[in-house]
Structure formats: structure tokens, C-alpha cells
Amino acid sequence: MPSIFIPKPPIPNVPFLLGVPQLVRALLFQPANTVTLGAQAQHGLWASAQVAPSWGVFDDNGNKVINPDNVYAFGDRSEYRVIDYNVQRGAFGSFNKVIVPPEQTLRMTKGGTLTQRTAFLKSIDRIIGDTNTYAILTPEKPYFNVNLTRAELIRRSSEGAYFLEVDVYFRTIVENNPQYSTTAANTANASNPPALPPVNQGNIQPQTAVPNSVQATVTNAVASAPL
């Protein structure tokens, strides 16, 4: 059976619709106007292209403590809580809005050789058990004073056994300086100066409540008493 040739138009019949790429169209559809960016948008686009994105977990000395191939996902959770309390007849009142320590999540990927993947996992094991604080750097915002609290390793069969995905969970450490005060009052200038608060002067040896001389007198009196 001989082949049948179907003639094709020299220009594809691509309509001009939202989401359709700018292609050469048939004469029936007019080409779209060229989209241009303003001067400020052009400068911002150029500036962002000149700086490499900053992603990673760093210690206080600026050293990168985890070295993945990519940071696949990032999440930051911030939460505030309002305290509720009971009042009469089953009603409730609210007061004192407080912040909960924020939590950050990173999904990191790592491939390469067996040695590189092993070093990557060891770098996570090295810091997950310590109490040091680190910094998470993102292109838009840094997150300081965080500590690694959990890590989850993911292996997908569709991606092969030589590709790792690790979810690492951080928590912001909130440090407060303790303040101490005393309730002991100095009553030296009071109307009754002896009314000073008790002062601890160290350990005192226990003593018999009744002196020995009194005990001897009582013993003799009892012995000479008539029966």
C-alpha cells in the first residue's frame, strides 16, 4: 500500500491564549505584545542573578556543619499562644500572649560516592546529640541560635539506593538571664529593732533541754522522798 502524505501548514495553528507560549502562529491569530520589565525589576533580577543563594547550617565560626548536594525544601514554624483561665460560672478569660520557640525543617538531598554519602550522614550524627547552637542561612532570612533535635532518613526506590533524602528538624533555643531577689528586710531602724529576720549562723550542736545540775537535784529529791 503506498504511503499517504498529509500536508502540514508552514505555520502551526497555535491560538493566542493565557498560558500558551509565544510561538509563531498562523495569520489568523495576531502575535502578542512583547512583555517588558521596568528598570527597578530589571535591576532586581540582575542583582539576584549575580549572588549565589546562601543555604546551609553553620556553626559559630562560620563553618558549614552539614554539606548536602541540595536543600530540597525548607519550613519555618512560628507560634504564639494566649493563656486562658477559668472564672466564675464556667466562663473563661484570656491574658498574656507568649511565643513558643520556633521550629525549622530542612529536607536535604545527597548523592555521589559511598564515601561522600557516609560523610554526609556522619556530619548529621555528629551534631544531633550536642547542645551547641547553630545558624541556618537562607537567601532571605537567617535563623540564629538553633539546635538540631531530630533527623529522618528517606530512601525511595524510584530514585535508587544511592540517593539520600534527610529531613532535619531544628528548634530555636531561647536563653534568659536569671534574676534573683531577696525578701529579707532590714529592720534595724524599725520601732522594734530586735525584730530582725533570723540569720543562719551555721550548724548548732544539739543540747539537752534540762541542765545536768537540775537533773541531779530532781534525782536526789526523788530518792529521799518517803514511800
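Every number here is computed from the coordinates shown, using simple stated rules; none is lab data. Since this is a predicted model, take the numbers as computed values, not measurements. Heads up, the Cβs are rebuilt from the backbone with ideal geometry, glycines too, and the neighbour counts pull from every protein chain shown.
Could you list Phe58, Phe120, Phe144 so that the one with the fewest beta carbons within 10 Å of its beta carbon is first and the one with the most is last?
Exposure proxy ranking, most exposed first: Phe144, Phe58, Phe120.
So between Asn61 and Ser94, what do we pick up on full extension, going 0.36 nm a residue minus the alpha carbon distance?
Extending this stretch completely gives an extra 7.5 nm.
As an exercise, find the ratio Rg/Rh for the stretch 56-172 from alpha-carbon atoms, using the Kirkwood inverse-distance average for Rh.
1.16
With Cβ to Cβ distances under 12 Å as the rule, what net charge do the other residues near Leu153 carry (K, R +1; D, E -1)?
Summing Lys/Arg as +1 and Asp/Glu as -1 gives +2.
What is the extension gain from Thr138 to Ile154, computed as 0.36 nm multiplied by their sequence separation minus the C-alpha to C-alpha distance, in nm to one decimal?
Length difference between fully extended and current span is 3.5 nm.
Quote the charge dipole size of the stretch 56-172 about the Cα centre in Debye, to the nearest 20; the model charges only the Cβ of Lys and Arg (+1) and of Asp and Glu (-1).
Charge dipole, the stretch 56-172, about its Cα centre: 180 debye, nearest 20.
Taking 8 Å as the Cα distance limit and 6 or more residues as the minimum spacing, I'd like the relative contact order of the stretch 56-172 as a percentage.
Once divided by the residue count of the stretch 56-172, the mean separation gives 28 percent.
Can you give the local net charge around Lys110? Use residues other than it whose beta-carbon is closer than 10 angstrom to its beta-carbon, Lys and Arg +1, Asp and Glu -1.
-1
First select every other residue whose beta carbon is under 13 angstrom from the beta carbon of Asp59; then total the charges, Lys and Arg +1, Asp and Glu -1.
Summing Lys/Arg as +1 and Asp/Glu as -1 gives 0.
Along the Cα→Cβ direction, 7 angstrom out, place labels at Glu175 and Val82. What is the inter-label distance in nm?
Simple spin-label model gives 3.3 nm for this pair.
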